[in-house]
1. Answer yes or no as to whether residue 98 is surrounded by fewer than 18 Cβ atoms within 10 Å (Cβ to Cβ), at pLDDT 95 or above, away from the ligand (no atom under 13 Å from the Cβ) and not hydrophobic (A, V, I, L, M, F, W, C).
2. Kindly indicate which of 86, 42, 47, 72 is surrounded by fewer than 19 Cβ atoms within 10 Å (Cβ to Cβ), within 13 Å of the ligand (Cβ to nearest atom), over 14 Å from residue 17 (Cβ atoms) and of a type in the set (Lys, Arg).
3. For region 135-160, which positions are surrounded by 14 or more Cβ atoms within 10 Å (Cβ to Cβ), closer than 21 Å to residue 211 by Cα and without any contact (Cβ under 8 Å) to a residue 24 or more places away in the chain?
4. With respect to residue 24, determine if the residue is surrounded by 19 or more Cβ atoms within 10 Å (Cβ to Cβ) and in the same structural domain as residue 224 (by TED's automatic domain parsing).
5. When you go through (1) within 12 Å of the ligand (Cβ to nearest atom); (2) touching a Leu at 6+ places or on another chain (Cβ under 8 Å) one by one for residue 67, which number turns out not to apply?
6. Which of the residues belonging to region 11-24 are away from the ligand (no atom under 11 Å from the Cβ) and in contact with a Phe, Trp or Tyr (Cβ under 6 Å, 6 or more places away or on another chain)?
7. Spot the failing condition for residue 224; the list is (1) surrounded by fewer than 13 Cβ atoms within 10 Å (Cβ to Cβ); (2) within 26 Å of residue 36 (Cβ to Cβ), and only one is missed.
8. Give me the pairs: first residue in region 30-57 and assigned by TED's automatic domain parsing to the domain that holds residue 17 and free of Cβ contacts under 8 Å to residues at least 60 places away in the same chain, second residue surrounded by fewer than 10 Cβ atoms within 10 Å (Cβ to Cβ) and assigned to a loop (DSSP other than H, G, I, E, B), beta-carbon distance under 8 Å, and six or more apart or on different chains, which are they?
Amino acid sequence: MITLHSFGPGFGLPDPSPFCIKAELLLKISGLPYQRANGDLRRAPKRKLPLIVDDGVTIADSSFIRFHLESRHGIDFDAGLDAERRGTLWALEKMLEDQIYWIIVDERWMDDANFARGPANFFKPVPAPLRPLICAMIRRKVRRNLDGHGIGRHSPAEKMVLAARSLDAIVGILGNRDYLGGEAPAGADATLGAFMIAGLCPLFDSRFRELVEARPSLVAYATRIKERFFPVAEAVRQAA
Ligand SMILES: N[C@@H](CCC(=O)N[C@@H](CS)C(=O)NCC(=O)O)C(=O)O
């Protein structure tokens, strides 16, 4: 049995990490049986989650998890797609991971109110007197990462110009399909599904969420993914 090591539900989402939602969606799309466990960053080979353990073998990183499911279990996530569509979807996936991810991180971690509502909860196990110090230290690290990536050097308005352009590209690539793969989800649907679910998180004050909400096909897409793959959580949310 495959074990997915992730953070677990948080922020009203299947996982606070879009990469962990992505890995879980890949497993769900694959149809392979799996179980979930709370991951330990200190023991993760890349000090990041998600990772999976499959028959004693540890695979870290959502893309390598995908490659493992393909090579070890014979899953073709992009079955039926031609080379051009496969290439387009891979590029879309990396745009989400290498740009949109950092915009989501920026909003959640750098805004004081958003930080208090969300990431601050990660530090609850830290003894109270130390907590402000540790929070400040980790937020400084996140700021350095944002600066190192480059996205942290743009003004808030510039970040949203970039995000809007990417979302428009996604709207175009999705077209009027149910999924990026057409009638059935493809590999990149795990990524787009994860990032749209994360981006629409109502917990945060988020310009990025407003950009997604202004694109009805993406909102409908996120609902479709949630209803299909996380039906219980979605039914609870809709009833609330
Ligand atoms: N390239 C990785 C990215 C995973 C990642 O960035 N995970 C974040 C959570 S969203 C993490 O574990 N961060 C912990 C840290 O950096 O200390 C993947 O695709 O799995």
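1. no
2. 42
3. Hit for region 135-160 is 154, nothing else.
4. No, not satisfied.
5. Here residue 67 clears every test but (2).
6. Once the filter is applied, which keeps residues that are away from the ligand (no atom under 11 Å from the Cβ) and in contact with a Phe, Trp or Tyr (Cβ under 6 Å, 6 or more places away or on another chain), region 11-24 yields only 14.
7. For residue 224, the failing item is (1).
8. What qualifies is 33/1; 34/1; 35/1; 41/47.
The values are calculated or read from the model by the stated rules, or taken from the named source; none is laboratory data. All figures in this text were calculated on a predicted structure; none of them were measured in a lab. With ideal geometry, Cβ positions are generated from the backbone for all residues, glycine too; neighbour counts draw on all protein chains shown.
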